[in-house]
Amino acid sequence: MKYYILFGPPGAGKGTQAKFIKEKFNLMHISTGDLLRKEMAEGTPLGLQAKQLINNGQLVPDEVVVGMIKTTFASNKDVNGFLLDGFPRTIAQAEKLDEMLSQTGEKVDKVLSLVISDETIFERISNRARTEGRKDDADPAVIQNRIDTYHQKTEPLIGYYTQKGNYCPIPGEQTIEEVFGCICNQIED
C-alpha cells in the first residue's frame, strides 16, 4: 500500500490536484474535513465523539482524527494507496501518523508539496472568494491569518519530511497541467 501526503498552503491547488491524482493512480483521497463530516453523519463512535467536541466549541484531538484515518485505511483495501489532504498539519500529527503506519510495517512514501508564494496564495484565495462565493475567503485579514498559521504551524513539516528523505517540492505556480505532470513524475519515480 502506498501513502502520499498532498501538502501546501491554502490556495495552492491541493483540491484540484487531488482529483487528478486519485483517478490516475487509484488512490483514496482522504480529506480530514470530509472524513470528520462523514463520520459524524454516519453516527460512528468516533463521529459522535467528534460531534460532541465540535458542538462544545473544542478542537477534535489528534487521537480522534488518527482513529478515523486508521479506520479508513483498514476498510479500504481495494485501492493502490491513500492520498492524505489536510493531515498531518503539525509535527505531532506527523509523528502519530508515522507511529500508526509503522505498526503495519508501512510508511509515508512521499510528501507532494505544492510550493507557491504568499502573494500567489493571497491572490488565489481572494479570487476563490469572488468566483466561488466563499465568504470565509473574502476578508484580507482572515486570508493573512491563514497564511501566518500555515507558516507557523504547518510549514515546520517541510523540515520533518526533508529529514526523512520523502519531501518532494512541486513548483505550484505553473499551469494545472504542468503541476500535475510534476506530481506524476514524483509518484512514478
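The values are calculated or read from the model by the stated rules, or taken from the named source; none is laboratory data. Nothing here was measured: the structure is a model prediction, and the numbers come from that model. So basically every Cβ, Gly included, is an ideal-geometry build from the backbone, and we count neighbours across all protein chains shown. Ligands, DNA and RNA are excluded from the accessible area calculation, which covers all protein heavy atoms including side chains. Shrake-Rupley method; radii C 1.70, N 1.55, O 1.52, S 1.80 Å.
Pick out, from Gln52, Phe7, Thr131, the residue whose Cα sits farthest towards the positive end of the charge dipole of the stretch 1-142, with +1 on the Cβ of Lys and Arg and -1 on the Cβ of Asp and Glu.
My answer, from the dipole projection, is Thr131.
So, for the stretch 32-182, what is the accessible surface per residue at a probe of 1.4 Å, expressed in square angstrom? Display every interim value, and only then the final one.
Numbers: 8440 Å² over 151 residues.
Dividing the accessible area of the stretch 32-182 by its residue count gives 56 Å².
Could you identify which residue out of Gly133, Gly67, Gly33 has the top mean-square fluctuation in a GNM of the chain using Cα springs shorter than 10 Å?
Gly133
Find which of Ile91, Asn166, Ile116 sits farthest along the positive direction of the dipole of the stretch 43-189, computed with +1 on the beta-carbon of Lys and Arg, -1 on that of Asp and Glu, about the Cα centre.
Toward the positive end, the furthest listed residue is Ile91.
Mind jotting down a quarter of the surface of the convex hull over the alpha carbons of the stretch 1-136, in square nanometres, one decimal? Before the final figure, lay out each step's value.
Details: hull surface 36.9 nm².
Seen from a random direction, the Cα hull of the stretch 1-136 projects 9.2 nm² on average.
Work out the length of the dipole vector of the chain about its Cα centre, built from +1 on the beta-carbon of each Lys and Arg and -1 on the beta-carbon of each Asp and Glu, and round it to the nearest 20 debye.
Numbers: 22 positive and 27 negative charges, 84 e Å.
Charge dipole of the chain: 400 debye, to the nearest 20.
Within the stretch 152-189, whose backbone N sits under 15 Å from a point 7 Å along Cα→Cβ of Val115?
Residues 155-163, 165-174, 179, 182-183, 186 fall inside that zone.
Tally Lys/Arg at +1 and Asp/Glu at -1 over every other residue whose Cβ is under 15 Å from the Cβ of Glu173; what's the total? If you can, show how the numbers build up before the last one.
Details: positive: Lys14, Arg124; negative: Asp118, Glu119, Glu123, Glu177, Glu178.
Every neighbour counted, the sum reads -3.
Any idea how far apart Thr149 and Leu53 come out in nm if each label point goes 7 Å out from Cα toward Cβ?
In this crude label model, Thr149 to Leu53 measures out at 1.5 nm.
How much accessible surface does His29 have with a 1.4 Å probe, in Å² rounded to 10?
60
When the chain is treated as a GNM, springs tying every alpha-carbon pair under 10 Å, which of Pro171, Pro45, Pro88 comes out with the largest mean-square fluctuation?
Its mean-square fluctuation being the largest, the pick is Pro45.
Per DSSP helix of 4 or more residues, -39500 (n - 2.57); summed, then divided by the residues of the chain. What does that give at 222 nm, rounded to the nearest 500?
Numbers: 9 runs with 105 residues, N = 189.
The per-residue figure over the chain is -17000 deg cm²/dmol.
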